Amino acid sequence: MTDQDKAIASPITEQSVNSFNDAPDVRFKQIMHSLVRHLHAFVSDVELTEAEWLEGIRFLTETGQMCDGQVRQEFILLSDTLGVSMLVDAINHRHSARATETTVFGPFYIEGMPEREYGENMALTPGDQALVRGRVVDTRGNPLGEAVLDVWQTAGNGMYSGQDSEQPFGNLRGRYRTDANGYFAIRTIVPVCYPIPTDGPVGRLLDAANRHPWRPAHLHFMIQMRGFRKLVTHLFNHDDPYLESDAVFGVKQSLQVIYEHRVAHDDVSASLGIDLPFRRACYEFVMEAE
Ligand code: BEZ
Ligand code: FE
């Protein structure tokens, strides 16, 4: 930018920033001041053409039009693929090193899914049968009984129930509870890797960048317990080929689990009457007090 350009930009920027000076909400004012400054700096930095500005407006319009108010949320997808969701996550979860790490929520959670018993099977579609079991504890290792674990994952075709009308209601979704000693057990299928939706503007963005849309195989968790911070996270299959290149940058080393091949029962699989062989993953979630 030449000095003359800077001279054009700066009064416009100052006027726009200052137009928020009288906002009564102090936080809103802070956010708008910073947003306008950074937006203007970006426009000046790349010397945005009018055609590019219009293309940006079209892109955002289409992003909104793609949202259906239920399962499809293209703005979350955009935030995810730009790394913004993980940045917000990092800013808001820099607390106890002992607590389980968090990751993206994603757009496919559905409220009000079936309450499930300890060890109940949530898979109504085929896959490699798996038992995911473990414990929920506080940062001192005390078990948390009656914690609620909302769990969701895709079917073998890489789609979530709700997203795919062929799947039965509640498939691969459920609300489990820990027992009095903090233990939980989930019968399911081994998660598979899947592409995020590419039939909208975010798909075009990835294409233009030569980026792939794949997420490594994972199981979603949202764990809630009174008096503790809500824990939103995933467990990733440790051997997935996309761990190093997750389309939404969500992978953390501490969240990787092995689905061991089991040809013999353990106490839990025996009591649940699981057929042999099966795959088993174990994990201890550590929740942080509010
Ligand atoms: C998911 O894991 O469900 C997800 C996360 C971010 C974008 C798309 C999907
Ligand atoms: Fe997912």
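The values are calculated or read from the model by the stated rules, or taken from the named source; none is laboratory data. Bear in mind that the values here come from a model prediction, so they are computed numbers and not experimental data. Neighbour counts are summed over all protein chains in view; Cβ atoms, including those assigned to glycine, are modelled from backbone coordinates with ideal geometry. For accessibility, only protein heavy atoms count, side chains too; no ligands or nucleic acids. Shrake-Rupley method; radii C 1.70, N 1.55, O 1.52, S 1.80 Å.
Annotations
- Count of the range 133-166 residues which are part of a strand (DSSP E or B) and within 15 Å of ligand 2 (Cβ to nearest atom): 5
- Evaluated against (1) away from ligand 2 (no atom under 16 Å from the Cβ); (2) touching a residue at least 12 places away in the same chain (Cβ under 8 Å), ARG72 falls short on exactly one condition, (1).
- Any strands (runs of 3 or more DSSP E) falling wholly within the range 187-290 and containing at least 3 residues that are away from ligand 2 (no atom under 16 Å from the Cβ), farther than 24 Å from LEU144 by Cβ and at pLDDT 95 or above: 260-262
- Test for LEU87: is it farther than 28 Å from SER269 by Cβ, surrounded by 19 or more Cβ atoms within 10 Å (Cβ to Cβ) and under 21 Å from the mean Cα position of the chain (by Cα): no
- In the range 52-68, residue farthest from ligand 1 (Cβ to nearest atom) [restricted to those that are open to solvent by less than 80 Å² (accessible area, probe 1.4 Å) and free of Cβ contacts under 8 Å to residues at least 12 places away in the same chain]: LEU54
- Search result, residues across the range 116-174 that are within 15 Å of ligand 1 (Cβ to nearest atom) and among the aromatic types (Phe, Trp, Tyr): TRP152, TYR160
- Selection of the range 167-178 for residues being surrounded by 15 or more Cβ atoms within 10 Å (Cβ to Cβ) and in a loop (DSSP other than H, G, I, E, B) yields GLN167, GLY170, ASN171, LEU172, THR178.
- Tally, over the range 69-101, of residues that are assigned to a loop (DSSP other than H, G, I, E, B) and within 13 Å of ligand 1 (Cβ to nearest atom): 5
- LYS230, sole failed condition from (1) surrounded by 18 or more Cβ atoms within 10 Å (Cβ to Cβ); (2) more than 13 Å from ligand 1 (Cβ to nearest atom): (1)
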